[in-house]
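Written out below as structure tokens is the structure these notes cover.
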Amino acid sequence: MIVIKIAAAVVGLIVAYFIGKRIARNLRRKKLLAAALPDEYARIIGRNVPLYARLPDSLKRQLGGLVSVFLAEKHFEGCGGLKITDEIKVTIAAQACVLLLNRKTKYFPRLGTILVYPNTYVAKTVSSEGPLVVEERSVRLGESWQRGPVVLAWDSVTGGTSNAPDAQNVVIHEFAHQLDQEDGDADGAPILEHHSRYKAWAQVLSAEYEALQKRKETRSRSVLDKYGATDPAEFFAVATETFFEKPGQMRKNHPELYEELKDYYKLDPAEWA
């Protein structure tokens, strides 16, 4: 009986600890969301994130709070000799947090660290083919690990922001993967607000994914980058890039896909400015 009581007390203390920790985190987030973004950070976003100029004022204020929380909770680490600066952190945070606007969010809960290289970097992959172990190296602009960091090349980050209409934005792409991976699977189906939405999501995105694969095979033009034909996870990330960077063209050429993403992100970028 005494052992049971001691065990119950220990469990109670553990539960109280985590509840207290959650309450403290939520209070900290509330304070950060309400505070104004430092002027220097706002100037960095205005200078480096063209999408920011299109946002309505209410979303600009909201984005500032999200960026503050992101910077307080995520760790940035420079690789390949790169020194992390406020410009690097704020530029990346602002683009990542665009994906959180107007939505109930957990602030990319599986992510703790963002690794930033100065340029495109070489990654090693190891796979098995029967008894053989195959080691390959590939040049990458960025990647998102399901239980690890987001990795970005700074020159690709700045290249994507300097040419917004090209619908290629490595930060939006990799953080779309983070949203997709929140349920533990990288399958092109992020956590939707209502369970009833999954059927329509699957029907529309599967049809659009298959259509993009056919366009890639026939070398037909598409507003969606053909890299999205790689697999459903890459299709969702590419579709997200296009949704924010070429919203008018997506709405015109892929109206059903646009509506699914509009419902998921709770935003309508085609109506901005």
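Evaluating ALA93 against the criteria (1) touching an Asp or Glu at 6+ places or on another chain (Cβ under 9 Å); (2) modelled with pLDDT of 95 or more leaves one unmet condition, (1).
Among the residues of the range 9-30, the one identified as surrounded by 13 or more Cβ atoms within 10 Å (Cβ to Cβ) and either over 23 Å from the mean Cα position of the chain (by Cα) or at pLDDT below 85 (or both) is ARG25. If the condition is being aromatic (Phe, Trp, Tyr) and either surrounded by fewer than 20 Cβ atoms within 10 Å (Cβ to Cβ) or farther than 21 Å from ASP180 by Cα (or both), then the range 80-118 contributes TYR107, TYR117.
When the range 182-203 is filtered for residues that are under 21 Å from the mean Cα position of the chain (by Cα) and outside any loop (DSSP other than H, G, I, E, B), the ones remaining, listed by number, are ARG197, TYR198, TRP201, ALA202. Among residues of the range 258-272 being without any contact (Cβ under 8 Å) to a residue 24 or more places away in the chain and either touching an Asp or Glu at 6+ places or on another chain (Cβ under 7 Å) or not in a helix (DSSP H, G or I) (or both), the one that is nearest to PHE236 (Cα to Cα) is LYS262.
If only residues of the range 71-87 that are part of a loop (DSSP other than H, G, I, E, B) and in contact (Cβ under 8 Å) with a residue 12 or more places away in the chain are counted, the one that is nearest to ARG28 (Cα to Cα) is LYS74.
All conditions but one from (1) surrounded by 19 or more Cβ atoms within 10 Å (Cβ to Cβ); (2) closer than 17 Å to PRO118 by Cα apply to GLU77; the one that does not is (1). For SER222, the criteria (1) surrounded by 13 or more Cβ atoms within 10 Å (Cβ to Cβ); (2) out of contact with any His (no Cβ under 8 Å at 6 or more places or on another chain); (3) not in a loop (DSSP other than H, G, I, E, B) hold in every case but one, which is (3). Against the definition (in a loop (DSSP other than H, G, I, E, B), touching a helix residue (DSSP H, G or I) at 6+ places or on another chain (Cβ under 7 Å) and either buried (at least 16 other Cβ atoms within 10 Å of the Cβ) or at pLDDT 95 or above (or both)), how does GLY228 come out, yes or no? Taking the combined requirement at face value, the residue does not satisfy it.
Determine, yes or no, whether ILE114 is aliphatic (A, V, I, L, M), modelled with pLDDT of 90 or more and either part of a strand (DSSP E or B) or under 23 Å from VAL90 (Cβ atoms) (or both). The answer is yes for ILE114. Scanning the range 31-70 for residues that are without any contact (Cβ under 8 Å) to a residue 12 or more places away in the chain, surrounded by fewer than 13 Cβ atoms within 10 Å (Cβ to Cβ) and part of a loop (DSSP other than H, G, I, E, B) yields no hits at all.
The values are calculated or read from the model by the stated rules, or taken from the named source; none is laboratory data. None of these values were measured; they are calculated from a predicted model. Note: ideal-geometry Cβ built from the backbone for every residue, glycine included; neighbour counts use all protein chains shown.
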